[in-house]
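Undergrad: Attaching a single structure in structure tokens format; questions to follow.
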Amino acid sequence: MVACIVDQVALLKILAHAAKFPSSSINGVLLGNCAEGSNVEIHDVIPLCHSTVTLAPPLEIGLAQVESYTHIAGGLKIVGYYQSDARFGPGDLSPLGRKIADKVFEHQSDAVVLVLDNKRLEQFCKAQVDNPFELFNRDGAKAWKRAGSSGAAADGGDTATKLQLKGNDWKQLREEFFTMFKQLKHRTLYDFEEHLDDPAKDWLNRNFSAGLKFVLPGNAL
Amino acid sequence: MEIELEEVERQLRGAKGVPSADKLIKYLRLMRDLHIRDSPTVARYGNILLRHYKNHLSEEELWTVYEQVAIAALDSHALQFAASVVAAINRRFPESVRAKRLQGMYYEAVGDYNKAEGVYNDLLTQDAANEMILKRMVALERSRGNLTTAIDALRKYLDTFANDKEGWEELAEMYLEVQNYRQAAFCYEELLMHVPGNSSYFVRYADVLYTIGGPTNYKTARSYYAKAIELTAGGSLRALFGVLACSAHITDKVTLQDARSRAQIELPDVSTQALLRIYKQHAPDKLPFVEPILAKLLSGHGHGL
């Protein structure tokens, strides 16, 4: 069985993106590594859109720049896609989201999708649930299915069937999220759309990641 | 105004103890004028203002603030607080449709959509063409997830109130959500007619056409991106990238005949130079990522990205 292991900083960035634009649908790409037959590792995310998740140009240009970055910087590849819906409903992968995920899948056959489920996010904040994210992967029939559901590779094949948090401390993730939120750090996260409207805004969010090291005492990121 | 807002926000955040009345009043005024949505902060500061400084406001501004705070509280899901503010407003204005709609909005916020619908239907029997309530019905359906019903209701509303800019924007958003790009394009055409100088409508319209695709649409989109570049004096990254993305999809050869065809031939190069200049100045660390993309788009071959 193959797992999908995600770094805390990646999930914090998705949560920050969602917190910054609470009434919008948001999306972005997952960066990491996955060798054939081994775990999918997610080390970082690039937030893309919050007001034009349905329009091609910002997505295409964003994906192209991120890809360019991965080629030049090396070390990380695009390994998936994330989104969260504006509406407070069950966290499903929208038809449009599936289309975008398909595009990512063309370049990366082990691609995964993370959906931030709003109802579970509410429970997460109330410490009723550990993990507010839903993992999707591709089954043989070319559809995106929730990981571990009967449609996904039940034969324990190479698709990631579980979302694991590196260090496995969901409680710490929650505390970090609250600290970050109280200090309004999520407002210093910029997505690609914001960069298009103001080029000085860094969609790589290097200051954000560095800032997290100080926000979270005793946490080696 | 945005800079003023940043300044007063900073002052409020840095205030020791209870912030001063004039700063709170200024903040809430700027948020109203700029139509910015930051409900938790508005609710928080509004609460302080209403608790400590009611007498600093004129009667008219006081109740405008009450309404602003009520909506912000509902938007932040601060339901108990919202209920008290809504109740205060309804006590002061017992016959008002505007006040009663806040009751409906409260029920929407708690998720009791049927009750909200009841409130709105009652109000509509008194005044069937009340714009505010008709729009609440659209919002209600949208919250319920009935996009088709919401779209129909909004279309009907816009038949009567065709000048409602926000209405057309919301309708466009809903069409995009259900991926009906053609109808979304139609909405942006309406907006372009109503507000001819708005560069972001030009960009959005072009974005929608590009998303639909096809040779005619790429050409039309390109001309709208070009207009947006003109309106923003070459400052819009979205429009500059847009022009290049369209050009990469357009394979027709244009012969140099006149000023217009010259402009068309030169457009990709000019846009590329503008983009490089902007990145060199504002985001030089991104130049290495952008240069290969620009090179690829310029070389065309009708492949796009």
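Undergrad: Please compute the modelled spin-label separation between A:Ala200 and B:Gln183, points set 7 Å along Cα→Cβ, answer in nm with one decimal.
TA: Rounded to a tenth, the inter-label distance reads 4.2 nm.
Undergrad: Could you pull the accessible area for B:Asp285 with a 1.4 Å probe, rounded to 10 Å²?
TA: Estimated to the nearest 10 Å², B:Asp285 gives 60 Å².
Undergrad: Rounded to the nearest 0.05, what FRET efficiency do A:Asp92 and B:Thr160 give with R0 = 60 Å and r taken as the Cβ-Cβ distance? Could you check? Before the final figure, lay out each step's value.
TA: Details: r = 35 Å, r/R0 = 0.59.
That gives a FRET efficiency of 0.95.
Undergrad: Let me ask something additional. Taking 8 Å as the Cα distance limit and 6 or more residues as the minimum spacing, I'd like the relative contact order of the stretch B:1-118 as a percentage.
TA: Values: 98 pairs, mean separation 21.2, N = 118.
RCO, the stretch B:1-118: 18 percent.
Undergrad: Could you name every residue in the stretch B:254-302 that has 50 Å² or more less accessible surface in the full protein assembly than in its own chain alone (probe 1.4 Å, ligands and nucleic acids excluded)?
TA: B:Lys286, B:Phe289, B:Ile293
Undergrad: For chains B and A, what's the summed buried accessible area, probe 1.4 Å, to the nearest 100 square angstrom?
TA: Values: alone 17200 and 10600 Å², together 25080 Å².
Interface area, both chains combined: 2700 Å², rounded to the nearest 100.
Undergrad: Please work out the ratio of the alpha-carbon Rg of chain B to 2.2 N^0.38 Å and round it to two decimals.
TA: Compared with the compact-globule rule of thumb, chain B sits at 1.26.
Undergrad: Same structure, new question: If I model a spin label at B:Ser20 and B:Val270 as a point 7 Å from the Cα along the Cα→Cβ vector, what separation in nanometres do I get?
TA: Those two pseudo-labels are separated by 5.1 nm.
Undergrad: While we're looking at this one, here's another question. Going Cα to Cα from B:Lys16, which lysines come in below 25 Å? Please leave out same-chain ones fewer than 8 positions away.
TA: Partners within reach: A:Lys182, A:Lys185, B:Lys26, B:Lys54.
Undergrad: Take the alpha carbon atoms of the protein assembly as shown, find their radius of gyration, then divide it by 2.2 N^0.38 Å using N residues; give the quotient. If you can, show how the numbers build up before the last one.
TA: Values: Rg = 24.6 Å, N = 526, 2.2 N^0.38 = 23.8 Å.
Cα Rg divided by the expected 2.2 N^0.38 Å: 1.03.
Undergrad: Same structure again: Heavy atoms only, probe 1.4 angstrom, no DNA, RNA or ligands counted: give me A:Ile72, A:Ile26 ranked by accessible area, highest first. Provide the component values of the computation, followed by the final result.
TA: Details: A:Ile72 90, A:Ile26 5 Å².
The most accessible residue leads, giving A:Ile72, A:Ile26.
Undergrad: Of all the C-alpha pairs in the stretch B:192-283, what % are more than 17 Å from each other?
TA: Details: 2029 of 4186 pairs.
For the stretch B:192-283, the share of Cα pairs beyond 17 Å comes to 48 percent.
Undergrad: Taking square-rooted eigenvalues a ≥ b ≥ c of the alpha carbon gyration tensor, is the stretch B:1-153 rounded, prolate or oblate, where a/c under 1.5 means rounded and, failing that, a/b exceeding b/c means prolate? List each step's numbers first, then the result.
TA: Working: a/c = 2.24, a/b = 1.78, b/c = 1.26.
In terms of gyration-tensor shape, prolate.
Undergrad: Roughly how many Å² of B:Trp63 are accessible to a 1.4 Å probe, to the nearest 10?
TA: Surface accessible to solvent at B:Trp63 totals approximately 40 Å².
Undergrad: Filter the DSSP H helices in chain B by two things, a Kyte-Doolittle mean of at least -1.0 and an axial alpha-carbon span of 30 angstrom or more, and list the hits by number. Don't skip to the answer; put the middle values down first.
TA: On the way: long enough: B:259-282 (32 Å, -0.55).
Helices passing the filter in chain B: B:259-282.
Undergrad: What number, in percent, do you get for the relative contact order of chain B if the mean sequence gap of Cα pairs under 8 Å and at least 6 apart is divided by its residue count?
TA: It rounds to 8 percent for chain B.
Undergrad: Another one. When the Cα centres of the stretch A:43-113 and the stretch B:1-74 are compared, how far apart do they sit, in Å?
TA: If you average the Cα positions of each part, the centres end up 37 Å apart.
Undergrad: Rounded to the nearest Å, what's the spacing between the alpha carbon centres of the stretch A:178-194 and the stretch B:134-155? Just the number, please.
TA: 31
Undergrad: How about the stretch A:48-126: which chymotrypsin sites (Phe, Trp or Tyr not before Pro) there are in a DSSP loop, with at most 14 other Cβ atoms within 10 Å of their Cβ? Please report the intermediate quantities before stating the final value.
TA: Values: sites: A:Tyr69, A:Tyr81, A:Tyr82, A:Phe88, A:Phe105, A:Phe124; in loops: A:Phe88.
In loop regions of the stretch A:48-126 (DSSP not H, G, I, E or B), the sparsely surrounded chymotrypsin sites (Phe, Trp or Tyr not before Pro) are A:Phe88.
Undergrad: From the Cα gyration tensor of the stretch A:1-144, with a ≥ b ≥ c the square roots of its eigenvalues, which class applies: rounded if a/c is under 1.5, or else prolate if a/b is larger than b/c, or else oblate? Mind showing how you got there, number by number?
TA: Details: a/c = 1.45, a/b = 1.22, b/c = 1.18.
Since a/c stays below 1.5, the shape of the stretch A:1-144 is classed as rounded.
The values are calculated or read from the model by the stated rules, or taken from the named source; none is laboratory data. Please read all numbers here as calculations on a predicted model, not as lab measurements. Backbone-built Cβ (ideal geometry, glycine too); neighbour counts: all protein chains shown. Surface accessibility is based on the protein's heavy atoms, side chains included, excluding ligands, DNA and RNA. Shrake-Rupley method; radii C 1.70, N 1.55, O 1.52, S 1.80 Å.
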